[in-house]
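Have a look at the structure below, then the notes.
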């Protein structure tokens, strides 16, 4: 299933997407997508509701206001996790780190799939990173690698927006990663039974019509199973938590033509089997002008 959270006059409600553009409301089954993912009974009931739905009577998804599909207690992200190109005959694993480089994005960074990201005043080098994000479905503590994927509730897309200038100012990355709205998420969570193999997904990013990133998750250093196992040795992962698995490097032409994100730019992250997440960027100055004119 593809599970979303959408806004209604009475509050946020979970739903499933069917026939590509219709919503099956699941608010009578669970209060949130996280609750659907973390309860076997709720998940079974949601599947039954989808199977029995009369598609012709369902509202269209474009008539709904999509919110972030889950509200995580923790957003844990990886730094370097994709191997780059190496010359023929060179061992591609030679420079692999022993352990993942883990950082956090704070709760204020969460944004919905249709929310514009505001470029903060004074930001000089805002950048994007398209990533496969894992949604935890079961409480996870010191899980083995063999059992780690059993704790996955589903997969979604995260744009790890970063202010490189702030990131370069210190050894810790928090101030470069945690501006308001710097973690657009969605548009939905794909449950594992309908998601492809997480180690065989094509991650692409398109900026203004140009593909700037294109690489398979088969080239990651640390698998989803390993990352969940590794993190759970230190902290308990709770249902709804997000583990974002890192971004591939930009293609050489995109690296050479790097330009910080600016007002009016749009970036689309598309991942095979998971869908697309398009994020628009707007400057803080434009927002301030709009608010003063309102």
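General remarks:
Residue-by-condition table, conditions (1) surrounded by fewer than 22 Cβ atoms within 10 Å (Cβ to Cβ); (2) in a helix (DSSP H, G or I); (3) not assigned by TED's automatic domain parsing to the domain that holds residue 277:
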position: 115; (1), (2), (3): yes, no, no
position: 121; (1), (2), (3): yes, no, no
position: 124; (1), (2), (3): yes, no, no
position: 132; (1), (2), (3): no, no, no
position: 135; (1), (2), (3): no, no, no
position: 138; (1), (2), (3): yes, no, no
position: 142; (1), (2), (3): yes, no, no
position: 147; (1), (2), (3): yes, yes, no
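- Index of the failed condition, residue 106 passing every other in (1) under 19 Å from residue 224 (Cβ atoms); (2) modelled with pLDDT of 95 or more: (1)
- Of the listed requirements (1) at pLDDT below 95; (2) closer than 24 Å to residue 274 by Cβ; (3) in a loop (DSSP other than H, G, I, E, B), residue 62 misses just one: (3).
- Of all the criteria given as (1) modelled with pLDDT of 95 or more; (2) surrounded by 15 or more Cβ atoms within 10 Å (Cβ to Cβ), the one not satisfied by residue 262 is (2).
- Breaking point among (1) over 14 Å from residue 127 (Cα atoms); (2) assigned to a strand (DSSP E or B), for residue 282: (1)
The values are calculated or read from the model by the stated rules, or taken from the named source; none is laboratory data. None of the values given here were measured: they were computed from a predicted structure. Cβ: placed from backbone, ideal geometry, glycine included. Neighbour counts: every protein chain shown.
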